[in-house]
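Enquirer: This structure is in structure tokens; I'll ask about it shortly.
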Amino acid sequence: MSAKKNLTITMTFDESPKKVFDAIANVRGWWSEDLKGTSNKLGGKFNYKYKDIHTSSQKVVEFTPNKKIVWKVLESNLSFLKQKDEWNGTEVIFEISKKGDKTQLRFTHVGLTPDVECYEACFDGWGYFIKKSLKSLIKTGEGKPNPKW
């Protein structure tokens, strides 16, 4: 096993696996209202853009209802990095499981490790979107995504 530690966030919810899964699949509801494309089915491709700071294209490579969603990052441009395409080829994984009467969400950005330039800024960014926006969408039905520009 590699010593590299991928960026991972684990949270537990009272809500059902279906409710957590449906919220994750509603990417416009928690990441960006300006998302272009399809993010809620296997084979779907979508583009994320945040000002001139971050653009990326993702493909949904796994979509197992109430259990798992995986995005493969096809292209990325993070303007604040030396290696602007640092996300290329990485995977964003959402794993949902029952833990007693709770639902656990394990978010992992595979390839985003402490030895890459984006780790700290991306840790903060994903922290906001997973721990605040997605959590809010799951619990209240209202996320806090980036608005349309």
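The values are calculated or read from the model by the stated rules, or taken from the named source; none is laboratory data. Note that the structure is predicted; figures quoted are calculated from it, not measured. For neighbour counting, all protein chains shown are included, and Cβ atoms are generated from backbone atoms with ideal geometry for every residue, glycine included. Just so you know, the surface numbers come from the protein's heavy atoms only, side chains and all, with ligands and any DNA or RNA stripped out. Shrake-Rupley method; radii C 1.70, N 1.55, O 1.52, S 1.80 Å.
Enquirer: Report the charge-dipole magnitude of the chain in Debye, nearest 20, computed about the Cα centre from +1 at each Lys and Arg Cβ and -1 at each Asp and Glu Cβ.
Expert: 420
Enquirer: When the Cα centres of the range 89-117 and the range 29-57 are compared, how far apart do they sit, in Å?
Expert: Between the Cα centres of the range 89-117 and the range 29-57 lies a distance of 18 Å.
Enquirer: While we're on this one: In whole Hz, with x marking every Gly and Pro, tabulate ³J(HN,Hα) for the range 97-102 from phi via Karplus 6.51 cos²θ - 1.76 cosθ + 1.60, θ = phi - 60°.
Expert: Running phi through 6.51 cos²θ - 1.76 cosθ + 1.60 with θ = phi - 60° gives 8, 7, 10, x, 9, 10 Hz.
Enquirer: Got a sec to turn the phi values of the range 81-93 into Karplus ³J(HN,Hα) couplings, 6.51 cos²θ - 1.76 cosθ + 1.60 with θ = phi - 60°, whole Hz, x for Gly and Pro?
Expert: Coupling constants for the range 81-93: 9, 5, 9, 5, 9, 4, 7, 3, x, 7, 10, 10, 10 Hz.
Enquirer: Taking the Cα centre of the range 101-149 as the origin and placing charges on Cβ (Lys, Arg +1; Asp, Glu -1), which of 138, 104, 125 is farthest toward the positive end of the dipole?
Expert: Value computed over the given set: 138.
Enquirer: With a 1.4 Å probe and all protein chains left in place, how much accessible area per residue does the range 24-149 have, in Å²?
Expert: Per residue, the range 24-149 has 51 Å² of solvent-accessible surface.
Enquirer: Right, next: For residue 68, what residues show an amide H to amide H distance below 5 Å, using hydrogens built from the backbone and excluding near sequence neighbours?
Expert: Here the answer is 96, since their amide H atoms fall under 5 Å of that of residue 68.
Enquirer: Put 85, 52 in order of accessible area, largest first, 1.4 Å probe: what do you get?
Expert: These residues rank, largest area first, as 52, 85.
Enquirer: Ordered by residue, what ³J(HN,Hα) values in Hz, to whole numbers, does the range 113-129 give under the Karplus form 6.51 cos²θ - 1.76 cosθ + 1.60, where θ = phi - 60° and Gly and Pro are x?
Expert: Here the 3J(HN,Hα) series is 10, x, 8, 9, 4, 6, 3, 5, 5, 6, 4, 5, x, 4, x, 4, 5 Hz.
Enquirer: Under 10 °C and 1.306 mPa s, how fast does the chain diffuse according to Stokes-Einstein, given a Kirkwood radius computed over C-alpha pairs? Answer in µm²/s, whole number.
Expert: For these conditions, the coefficient is 103 µm²/s.
Enquirer: Given a 1.4 Å probe and every protein chain left where it sits, what share in percent of the accessible area of the chain is carbon and sulfur?
Expert: Carbon-and-sulfur percentage of accessible area, whole number: 50.
Enquirer: Considering the options 32, 78, 42, tell which one lies farthest towards the positive end of the dipole of the chain, charges being +1 on Lys and Arg and -1 on Asp and Glu at the Cβ, about the Cα centre.
Expert: 42
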